[in-house]
Amino acid sequence: MAKTKPGKKDLDSYTIKGTNKVVKPGDCVLMRPEERGKPPYVARIEKLEADHRNNVKVHIRWYYRPEESAGGRRQFHGEKELFLSDHFDVQSAQTIEGKCKVHPFKNYTKLENVGADDYFCRFEYKASTGAFTPDRVAVYCKCELPYNPDDLMVQCEGCRDWFHPSCIDMTIEEAKRLDNFMCSECCDEDVKRSLHNFTLSHSELKVESKRRKR
């Protein structure tokens, strides 16, 4: 009778070949691209598995870059932005090149220093339909675009909205020198309030004058 081959076993961790870096399920990793000169793929490890010959396979969930999605890269997409896709795969663990960190969007915006292996994700992406979750996010500025953490923006002290310097006829250098900023709409409101207060005060003075004449 033929001997039954031993089955596969799940692993708690794996040491990346040629390094001392250890990865575990839940970690994000850089995967070797198919073409030389291309940036590495990014994936999240779902499971590590070894067969009877100790060949290690990694079950992954791919992250997509904006240019790999159906809509392509848009103005508000950050350079280090990724989408967590519904594309699952199984690869040889030897194709793992290194570890990386995919931060939630808010955490990424608070980083003091962004390293080469720091990325962020604010959308999930359904590769089969090109749909995003969430399908709506907050928008800012006159251009009404979502926030791109790579772009400098200035905040209005009145409405608290954020604006791109180019959208308010200002250079980046001028924006960096600002101590405070009021958008045109808030400036107009201030002028209206000032005129209203002046008119009101002037009317009160007339009433007071009439009272004195009696």
Please compute one quarter of the surface area of the Cα convex hull for the stretch 144-183 and express it in square nanometres. 2.9 nm²
Can you list the residues, at least 5 places off or on another chain, whose amide H is less than 5 Å from the amide H of K99, using H built in the peptide plane? L30
Remind me, what semi-axes does the stretch 1-84 give for its equivalent ellipsoid, largest first in whole Å, using sqrt of 5 times each Cα gyration tensor eigenvalue? 33, 14, 12
DSSP loop GluC sites (Glu not before Pro) in the stretch 96-149 with at most 14 other Cβ atoms within 10 Å of their Cβ, which ones? E112, E144
Residue-wise HN-Hα coupling along the stretch 58-73, computed from phi with Karplus coefficients 6.51, -1.76, 1.60 (Hz; x: Gly, Pro): 10, 8, 10, 10, 6, 9, 9, 7, x, 5, 8, 8, 4, x, x, 6
Run the numbers for E46 and D118: contour at 0.36 nm per residue of separation, minus the present Cα-Cα distance, in nm. 24.0 nm
Kindly identify the stretch 16-60 as rounded, prolate or oblate by the Cα gyration tensor criterion: order the square roots of the eigenvalues as a ≥ b ≥ c, call it rounded if a/c is under 1.5, otherwise compare a/b with b/c, prolate if a/b is larger, else oblate. prolate
Is the C-alpha gyration tensor of the stretch 34-139 telling us rounded, prolate or oblate? Criteria: a/c under 1.5 is rounded; beyond that, a/b larger than b/c is prolate, otherwise oblate. prolate
Given 10 °C, 1.306 mPa s and a Kirkwood radius over Cα pairs, the Stokes-Einstein diffusion coefficient of the chain in µm²/s is 72 µm²/s
Cα-based helix-to-principal-axis angle, 184-213 vs the chain, degrees rounded to 10: 30 degrees
With the 1.4 Å probe rolled over protein heavy atoms, the chain has an accessible area per residue in Å² of 70 Å²
Could you pull the Cα extents of the stretch 65-122 along its three principal axes, largest to smallest, in whole Å? 34, 28, 16
Long-range amide H partners of E46, meaning residues 5 or more apart or on another chain whose placed amide H is closer than 5 Å, are G26, H59, I60, R61
Here the stretch 135-147 yields Karplus 3J(HN,Hα) values (6.51, -1.76, 1.60; θ = phi - 60°; whole Hz; Gly and Pro given as x) of 8, 9, 9, 4, 10, 9, 6, 5, 7, 6, 10, x, 6
Kindly state, to the nearest 0.05, the FRET efficiency for E35 paired with L145, given R0 = 30 Å and r defined as their beta-carbon distance. 0.40
Counting only DSSP beta bridges with both residues in the stretch 79-186, tell me the antiparallel percent, nearest 5. 40 percent
The stretch 78-186, relative contact order in percent, only Cα pairs under 8 angstrom and at least six apart counted: 21 percent
May I ask which of K101/K142; K8/K101; K38/K99 have a Cα-Cα span longer than 26 Å here? K101/K142; K8/K101
Work out, step by step, the length gained on full extension between C159 and S13: first 0.36 nm times the residue separation, then minus their alpha carbon distance; give nm to one decimal. 47.5 nm
Among bridges DSSP assigns within the chain, what percent are antiparallel (round to 5)? 80 percent
Amide H to amide H, which residues 5 or more places from F123 or on other chains are under 5 Å from it, using H placed in the peptide plane? L84
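The values are calculated or read from the model by the stated rules, or taken from the named source; none is laboratory data. Treat the numbers as computed from the prediction; the structure is a model and nothing was measured. All Cβ positions, glycine included, derive from the backbone under ideal geometry; neighbour counts span all protein chains shown. Protein only, heavy atoms only, side chains kept; ligands, DNA and RNA dropped before computing areas. Shrake-Rupley method; radii C 1.70, N 1.55, O 1.52, S 1.80 Å.
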